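Notes to accompany the following structure.
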Amino acid sequence: MLKTLKLASIALLTTATGLLAAPTTAKPAGMPVGPATRPVAAAVVTPALSTALPFEKEVIALEAAFKKNNAPTGGVLFYGSSSIRLWKGMKEDFVGVNVLNHGFGGSTAPDALRYFDRLVVPAKPSTIVFYEGDNDLKKGRTPEQFLGDVQSFVQKVEAKLPNTKIIILSVKPSPSRIDLMSTQRKVNSMVEGWIKQSKDPRVTFVNTFSSMLDAKGQPRVELFGPDKLHMNRDGYKIWTKLIGLLPSADSAATVVNK
């Protein structure tokens, strides 16, 4: 009688508190036993997790600066890797132009796609100057993969910023990455060919590669800083000239080869 009462009490208690577990099917010996079936709560992104994402701290800083400075929208957004980030004289090089520098990293094209909604869309730029590929190729990504990322970037712009023009800068040569020059040429040719074929009046390709080579076809050392990867002021002057001389893309995609 006492045993029956205890069992009844336990049954009432577990039913009242919702702790009665569904019966489980025995697993064959040697197989791991999975957790009991129950609704799984959505993962919570903590600050620690968010800052573990590539370049997240830099992106947060760029977002904060954009809001703090109440940066005007509708200008020219420079977006991409460290070759953009380190362009310290950008405002002086484009006097009278509303320019915004959202370069970050060490980034690659997938990083640029990841942060598109946070670093590009809020600026509502009239024009985006886009530079990636340098680090993509160094990390072993193929020209085909990079071209796919460029196409994805253009699609994102067309979907969320349909009136925005896009200037795609070619992958630059550099003394520290001479071993990648043939791959750089290939990827530049592929991107250029795709833009020509697309005939999209909003998309422009700028070939910076040729202007950064000497008479022997090697990267001009005088255009680079001590690391022989990032440009000095002379290198950025070339970029400024090429971007500044772009004709208006009114009727067809424009390819500039200097």
>> I'm told K241 meets every condition in (1) in contact (Cβ under 8 Å) with a residue 60 or more places away in the chain; (2) under 24 Å from V97 (Cα atoms) except one. Can you identify the failing condition by its number?
In response: (1)
>> Please return the ranges of strands (runs of 3 or more DSSP E) entirely within the stretch 92-204 where 2 or more residues are out of contact with any Gly (no Cβ under 9 Å at 6 or more places or on another chain) and buried (at least 19 other Cβ atoms within 10 Å of the Cβ).
In response: 165-169
> Does G30 qualify as being on the phi > 0 side of the Ramachandran plot, at pLDDT 55 or above, part of a loop (DSSP other than H, G, I, E, B) and not hydrophobic (A, V, I, L, M, F, W, C)?
Replying inline: no
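The values are calculated or read from the model by the stated rules, or taken from the named source; none is laboratory data. Every value quoted in this text rests on a predicted model; they were computed, and no experiment measured them. FYI the Cβ positions are ideal-geometry reconstructions off the backbone, even for glycines, and counts take in every protein chain you see.
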